[in-house]
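Engineer: Before we start, here is the structure in question, set down as structure tokens.
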Amino acid sequence: MKSLRLYCLLSFAFYGTGTAYAQIPTRESVRVVLGAMTSFAESHPIEKAYVQLDKPWYVQGDTLWFKTYLFNAKDLTGATRSGLLYTEVANDSNKVIKREMIPLLYGLGRANIAIDKTFPAGSYTLRVYTNWMRNFGEDFIPVARFEVSELNEKDWMVNARIRVEKKSSGDSARLALRFADLNKEPVALREMRLSVLAGKKTLYKEDLETKLDGSLEVTLPLGQRSIADNLSVLVEDRRNGQGKRKLSFPVTPENLENIDLQFLPEGGNLVGHLETTVGFKAIGEDGKGRNISGTVLNSKLQEVGAFKSGHLGMGAFPLDPFPGETYTAKVVLPGGAVKTYPLPAVKNTGTVLRVADIAGSDSLEVTVAFSEDLVQAAAMYYLVAQTRGVPCYGASFNASKGTATMKLSKKLFATGIVRFTLLNETKTPLNERIVFVNHHDQLRLAIYAKPQYQVRDSIALRVQVTGETGEPVRGTFSLAVTDDSQVKRDSTKETSLLASMLLTSDLKGAVEDPGYYFTAGAGVSRDIDHLMLTQGWVGYSWLQVFGKPSAPPFEAEKSFTVRGRVTNIMNKPVANSGLVLLSKKPTAILDTVTNEQGIFTFRNLPVSDSTAFFLQARNKKGKSFNVGIEVNEFVPPMFTQPQERIAPWYLNTDPLRLNFITHKVQEKKEDAKKYGGILMNEVAIRTKRVITGSKNLNGPGEADLILDEEFMVKSGRKTLGDLLKENVKGFALKGFKGGRWFYMVNDMLVHLIIDGTNVDFTRMEGTSYREHLETFFSYYSADDIKGIEVMRTGKYQMSYNTRFLPPLSIPWEHCFIEVTTRTGHGPFMKKTTGTYVFRPLPLSVPATFYSPRYDVKTTLAAGSDRRSTIFWAPDIVTDKDGMATVSFFAADLPGTYTVIVEGSDMQGALGSARKVLAVEKK
């Protein structure tokens, strides 16, 4: 791929009409606009990240393997501004389960995540970002979704459909369920409690019994109400002795009339007498595109246009709007019903921006049209174009002739999204339009393999990478091989390195079937232009470009460092103070001195997955002294929860997913036989967690809830109050008559016990209960605490009632929270000065993917190798001839494997390729 510099030559043009002619007085104005854009792009260079997973779903006990790429957005070279990448995994409630750091080398990183018991069954979101990327907002942070299943041979599967039925007496929703076990046998004549919820509100609850075929059907009367968007079903098994099996899953009604249809004029506006193109997008209740057709009517119900959607409910049609007129679309919906939708209002004054990308042409035709009043005013306007955040073209013109038309060579722009913006004389944006330019200059990847293999065969793959003109390319690539009978891979529906870097990373929201836009099918160019018309895009604000320059709030991090400040009792910086940093795991002793601002920095630190640093300030005599130490700890961003609700694996289960689960269950059985005989039914065994040094009156590990030292270490510097709010169910501040406020756990009054001392006894006269507790809640943090134990049921309350409550107190109205501090000195708020304990995020230490070898003697029984990820190689490097070879062994299941290879030369060229391998029985 050519460097972006070869594309973005900052072309200038000056127009008065559709024919160009020089306007010398405007030359400087265009330079000012483009100069401001260039200056902002240079001071705020964008980084783009991408993550490749080995597969989209896992079970507990699996390992998730991934590789990360970090590029400079402007030219897609490997980013070196940042050398540290943050990764975090959030569950479907948007709670972060795991957060780590990955060191980057020339923009590359790799890691793995053990899918252990901290990952219960559900859907998860993996985010990767640098500290610098936080300057540009959440839209620039890439996400990868994956699902986790638990392994239990007694699990159920459920097929669910809910359909809205129209009746004269009011609408109703018919819910049909069918239950089966993993062997596809129906769960027959089973008593269940069925609840239908809208958010947290219960719409329906009843005890029912399944039929012989495992089915249940219920009708929910809606009347004149519309059914809720966030609908879910909760099923509880009522059979005694079968455990407390529960299934909870979202359902989306099949209401073919409930279509979200948006009409989006090209450039943003409908203006009277100015012909334009109107894009549209129809979306169903499940967020997927729906195909529609219809006509456009004016206020006199005269037909002035017609339209029909193409790919995924998107399309476009021409319209020449009349001033003061209103337009309505009469739409035929997927179910055959007809519904009307209003088009945007027609403005009497304004501008229209049109961009035509004629198939097969090497140019873009850009037209700006003005309303008659603007023609009379003959003011100046600017048209600018940028790609990947870098300005590539600028022009100025006046409105005196009504239109200005420019024919621009596509060579001005790099492959990717081009953003055109029309600005007025005050540099206010009036219209914007994005188009996609594809020079087809990606890397060419070829995967060479034999026509057929047998199970447990040695498989050697040769990967060849060439450039646009066939020259060999050195680069770094990652390769995933998965079993098609267990893992669904669809090149049109999945994203890829190409789709992410060139398309979706510059668009807002999810793009349905992103891989489709990089196929060679007929109509793809038209469909991608419809996407450009109807999808929002990410980018900086024009106020930032032309406003007062300001430094980005988040700095780029070259590597992991410990940075902070030393202050005296007046909060003034202490210069030339000695600092000592100590670490036990790994062992390290480092020292430094603060600068004039009292700032210190430790670099090149050894970090592991469980590092803790002890910092101590020392005076000139090497002694600890009374100063404060502040450390710039990482404060993670708060991301919004993804809108798309991913169904659990057992809902409307895909056959491939079922194969994946059943194979894993079989592996579990065989492992149990191999390592200890018969596989027993799973029994929940409660292991007591003991808080060392606890004054728990019930004895070690005897509490309703225990948050141990390991939990405290993972909690960083969260306050005691935050720990209780996040982890003690029902903990809240509640108001009562007379303006009194109390902390409660459900309906029980909270008593805080610190190292065996009830803090109620330390409350000063005139201090309210709330103020007194909040002092401790804000003073103590997780790194001050060894553990927290909560006593809220009679079994554990009794000893505390006897010790701390008056004789006539009602015992079940009180909850006791025992906090064990690291000092063990009780509720006395005095911390050691001049010291600081810092626990950074763990640094990911990548493991090596294990692949069995069958060219040597093996203990694996025939038929026992049911891997779903056959092979994972994150560090394939091609040689000077553009070649690389990888080898691995096939598993025991015959069928086909999908090979996915993607990567970059880290100099601006990207590539992705897929190949299917055939594997037969011996």
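Engineer: Out of 401, 450, 427, I need the residue that is at pLDDT 95 or above and of a type in the set (D, E, K, R). Which one?
Structural biologist: Matching residue, one of 401, 450, 427: 450.
Engineer: Sticking with this structure for a sec: Take the range 56-80 and flag every residue that is charged (D, E, K, R) and touching a Leu at 6+ places or on another chain (Cβ under 9 Å).
Structural biologist: Of everything in the range 56-80, those that are charged (D, E, K, R) and touching a Leu at 6+ places or on another chain (Cβ under 9 Å) turn out to be 67, 74, 75.
Engineer: Looking at 839, 853, 867, 914, which is the one that is farther than 30 Å from residue 49 by Cα and in contact (Cβ under 8 Å) with a residue 12 or more places away in the chain?
Structural biologist: 853
Engineer: Just one of 750, 759 is under 16 Å from residue 817 (Cα atoms), in contact with a His (Cβ under 9 Å, 6 or more places away or on another chain), in the same structural domain as residue 796 (by TED's automatic domain parsing) and modelled with pLDDT under 95; which is it?
Structural biologist: 759
Engineer: Another question, if that's okay. Working only within the range 319-360, note down all residues that are in a strand (DSSP E or B) and free of Cβ contacts under 8 Å to residues at least 12 places away in the same chain.
Structural biologist: 338, 356 - these are the residues of the range 319-360 that are in a strand (DSSP E or B) and free of Cβ contacts under 8 Å to residues at least 12 places away in the same chain.
Engineer: Additional query: Here is a check on your reading of the model: is residue 388 at pLDDT below 95, outside the structural domain of residue 376 (by TED's automatic domain parsing) and buried (at least 17 other Cβ atoms within 10 Å of the Cβ)?
Structural biologist: Taking the combined requirement at face value, the residue does not satisfy it.
Engineer: Tell me which residues, restricted to the range 713-728, are closer than 17 Å to residue 751 by Cα and among the aliphatic types (A, V, I, L, M).
Structural biologist: Listed by number, the residues that qualify are 720, 723, 724, 728.
Engineer: Still on this structure: Hey, can you tell me all the residues within the range 583-637 that are under 34 Å from the mean Cα position of the chain (by Cα) and either of a type in the set (Val, Ile, Thr) or crowded, with 17+ Cβ neighbours inside 10 Å (or both)?
Structural biologist: 583, 601, 602, 605, 607, 611, 613, 631, 635
Engineer: Does the range 864-878 contain at least one residue that is of a type in the set (A, V, I, L, M) and either farther than 22 Å from residue 447 by Cα or part of a loop (DSSP other than H, G, I, E, B) (or both)?
Structural biologist: No - not one qualifying residue is present in the range 864-878.
Engineer: Consider residue 242 carefully, then state whether it is at pLDDT below 95 and at negative phi.
Structural biologist: It is true that residue 242 is at pLDDT below 95 and at negative phi.
Engineer: Within the range 561-582, restricting attention to residues that are of a type outside the set (Gly, Ala, Ser) and under 17 Å from residue 614 (Cβ atoms), which residue is surrounded by the most Cβ atoms within 10 Å (Cβ to Cβ)?
Structural biologist: Filtering first and then ranking leaves 566.
Engineer: Only one of (1) outside any loop (DSSP other than H, G, I, E, B); (2) within 28 Å of residue 273 (Cβ to Cβ); (3) among the polar types (S, T, N, Q) fails for residue 386. Which number is that?
Structural biologist: (2)
Engineer: If you don't mind, there's one more thing I want to ask. List pairs: first in the range 144-165 and closer than 15 Å to residue 650 by Cβ and touching a residue at least 12 places away in the same chain (Cβ under 8 Å), second β-branched (Val, Ile, Thr) and assigned to a strand (DSSP E or B), Cβ under 9 Å, 6+ apart or cross-chain?
Structural biologist: Matching pairs, first to second residue: 148/59; 149/59; 150/59; 151/59; 156/235; 158/233; 158/235; 160/233.
Engineer: If you scan the range 261-294, which residues turn out to be among the charged types (D, E, K, R), at pLDDT below 95 and in contact with an Asp or Glu (Cβ under 8 Å, 6 or more places away or on another chain)?
Structural biologist: 285, 288
Engineer: Looking at the structure I just gave you, is residue 152 under 28 Å from residue 204 (Cβ atoms) and under 13 Å from the mean Cα position of the chain (by Cα)?
Structural biologist: So residue 152 does not fit the description; no.
Engineer: Evaluate the following for residue 851: is it surrounded by fewer than 20 Cβ atoms within 10 Å (Cβ to Cβ), over 33 Å from the mean Cα position of the chain (by Cα), among the hydroxyl-bearing types (Ser, Thr, Tyr) and not in a strand (DSSP E or B)?
Structural biologist: No, not satisfied.
Engineer: Sticking with this structure for a sec: Any idea which residue in the range 748-762 is nearest to residue 803 (Cα to Cα), counting only those that are touching a helix residue (DSSP H, G or I) at 6+ places or on another chain (Cβ under 8 Å) and outside any helix (DSSP H, G or I)?
Structural biologist: Top of the filtered list is 758.
Engineer: Residues to consider are 495, 482; find the one that is β-branched (Val, Ile, Thr) and either surrounded by fewer than 21 Cβ atoms within 10 Å (Cβ to Cβ) or assigned to a loop (DSSP other than H, G, I, E, B) (or both).
Structural biologist: 495
Engineer: So residue 408 ticks every box in (1) more than 27 Å from residue 498 (Cα to Cα); (2) surrounded by fewer than 23 Cβ atoms within 10 Å (Cβ to Cβ) but one. Which box is left unticked?
Structural biologist: Tallying (1) more than 27 Å from residue 498 (Cα to Cα); (2) surrounded by fewer than 23 Cβ atoms within 10 Å (Cβ to Cβ), residue 408 fails exactly one: (1).
Engineer: Here's a follow-up. Given the options 395, 377, name the one that is of a type in the set (Gly, Ala, Ser), more than 30 Å from residue 260 (Cα to Cα) and surrounded by fewer than 17 Cβ atoms within 10 Å (Cβ to Cβ).
Structural biologist: 377
Engineer: Next up: Output yes when any residue across the range 194-207 is without any contact (Cβ under 8 Å) to a residue 12 or more places away in the chain, in a loop (DSSP other than H, G, I, E, B) and not aromatic (Phe, Trp, Tyr), and no when none is.
Structural biologist: yes
Engineer: Could you check, for the range 763-781, whether at least one of its residues is buried (at least 20 other Cβ atoms within 10 Å of the Cβ), modelled with pLDDT of 95 or more and under 30 Å from residue 606 (Cβ atoms)?
Structural biologist: There is no residue in the range 763-781 that is buried (at least 20 other Cβ atoms within 10 Å of the Cβ), modelled with pLDDT of 95 or more and under 30 Å from residue 606 (Cβ atoms).
The values are calculated or read from the model by the stated rules, or taken from the named source; none is laboratory data. As the structure is a prediction and not an experimental result, all values here were calculated from the model. Note that we place each Cβ from the backbone using ideal geometry, even for glycine, and neighbour counts take in every protein chain shown.
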